[in-house]
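Below is one structure, written out as structure tokens; the observations come after it.
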Amino acid sequence: MVERRTFDFSNTGPDELVEAYTTVTADLAYAQTHYPNSRVTTYLNNLAVMLHGELYHHKRERWHRLLTFWTHEVPLAVYGGRKELRLSLIIFLVSILLGVFTALGGEEYVRNILGDSYMDMTIENIAAGEPMAVYSGEPPFEMFLAITFNNIMVSFIVFASGVFTSFATGYFLMNNGVMAGAFATFFAQQGLLGDCLLAMMLHGTLELSAIIIAGGAGIAMGNGWLFPGTYSRIESFRIGAKRGVKILVSTLPMFIVAGFIEGVFTRYTHVADGLRLMVILLSLLFVLFYYVYLPVKRHRESIADSQD
């Protein structure tokens, strides 16, 4: 009788396990056909059973890893990049103020920022008594897809520009902030600030937050080049890029939800203000929970675990 051995697969990757399992089961099938009572057949059967169990163990680990990525890895990455995220927020808020002061200079300045075609369309909508008709110009589902794709591309550009140092990311953040400030100011000048903010922030709470977060991710990557500290410049960039990618990935669900809200719900400007305000507050609470409270909580837990 063959002794049942144990094997250490701890250093074997999933792809290698799959290849080994395929080879072993093929050999086992041959052995069972031609040498059913052989000790080698028994050995191969035991090995196949152990490989099968290890493969399912890896499968369970992958699902667990997916969960811990969102509940632990991303919050810890956000905590590690908190200074860059804070800087991104400051740049964006200052840019909004710059957009406000620019728009106060007159309509021609707003046109330079938002474009003539957009301004002409908006003025026509206001005259027709539907100032937010821009959000109902296309079928809901098509608009959802277009907006989501565009926002994800914008966030990727904001992040990827960090390869050219964090100053490039700051430039793209300023562009977006200036447009948001000019947009709101123009409507305020028409006496429509309340309508504008309720419609814009219905989806914009998640959308603008995600752009700021993507900007923080890009700055984290860019600062790897600029401020390597005690690391080599390449190693510092690698660390910053890895952290930045995790932070950037976390914004994808936000862009999808924001695109869905903008494409499907924002067009209904006659919905009760209280309902729209509730959606805005829930969105804000999510952002504060996931990007402020949870990172601090996970960081404190990691310190406590290291001291045990």
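Averaged per residue, the range 160-217 has 33 square angstrom of accessible surface, using a 1.4 angstrom probe with ligands and nucleic acids left out. Apolar share of the accessible surface for the chain: 65 percent from carbon plus sulfur atoms, 1.4 Å probe. Principal axis extents of the C-alpha atoms in the range 210-308 (largest first, rounded to whole Å): 57, 34, 16.
Against the main long axis of the alpha-carbon atoms of the chain, helix 166-189 sits at an angle near 40°.
Once the Cα atoms of helix 233-249 and of the chain are each reduced to a long axis, what angle between those two axes, in degrees from 0 to 90 to the nearest 10, is obtained? The angle comes out near 80 degrees. The label-point distance for residue 101 and residue 304, in a model that sets each label 7 Å from Cα toward Cβ, rounds to 4.6 nm.
Where Lys and Arg each count +1 and Asp and Glu each count -1, what net charge lies around residue 149 among other residues with Cβ under 14 Å from its Cβ? Walk me through the numbers on the way to the answer.
On the way: positive: none; negative: 138, 142, 207, 262.
The answer is -4.
How high is the FRET efficiency from residue 38 to residue 65, r the C-beta distance, R0 41 Å, rounded to 0.05? Working from the Cβ atoms, E equals 0.55. Measuring nothing but alpha carbons in the range 160-281 and taking Rh as the Kirkwood radius, the Rg to Rh ratio lands at 1.11. Report summary: the helix-based calculation at 222 nm, which adds -39500 (n - 2.57) for every DSSP H run with n ≥ 4 and divides by the residues of the chain, gives -26000 deg cm²/dmol. The orientation-averaged projected area of the convex hull spanned by the Cα atoms of the range 87-128 comes to 3.4 nm².
With only alpha-carbon pairs counted, each pair once and no self-pairs, how large is the Kirkwood hydrodynamic radius of the chain in angstroms? Here the Kirkwood hydrodynamic radius works out to 23.0 Å.
Given Cα pairs under 8 Å that are at least 6 residues apart, what percent is the relative contact order of the chain?
Working: 353 pairs, mean separation 71.6, N = 308.
Worked out over the chain, it gives 23 percent.
Rounded to the nearest Hz, the phi-derived 3J(HN,Hα) couplings of the range 254-260 under the Karplus curve 6.51 cos²θ - 1.76 cosθ + 1.60 (θ = phi - 60°) are 5, 5, 5, 5, 4, x, 5, where x marks glycine and proline.
Would you mind calculating the relative contact order of the range 178-253 from Cα pairs under 8 angstrom and at least 6 residues apart, reporting the percent as a whole number?
On the way: 56 pairs, mean separation 18.2, N = 76.
That works out to 24 percent.
In degrees, nearest 10, range 0 to 90: what is the angle between the Cα axis of helix 39-68 and the longest Cα principal axis of the chain? Helix 39-68 sits roughly 20 degrees off the main axis of the chain.
Taken one residue at a time, the phi angles of the range 152-158 give Karplus couplings (6.51, -1.76, 1.60, θ = phi - 60°) of 5, 5, 4, 5, 5, 5, 4 Hz. Gly and Pro are set to x.
The values are calculated or read from the model by the stated rules, or taken from the named source; none is laboratory data. Quantities reported herein were computed from a predicted structural model and do not represent experimental measurements. Here Cβ is always computed from backbone atoms with ideal geometry, including for glycine, and neighbour counts include all displayed protein chains. Note: accessible area is taken over every heavy atom of the protein model, side chains too, but ligands, DNA and RNA are not part of it. Shrake-Rupley method; radii C 1.70, N 1.55, O 1.52, S 1.80 Å.
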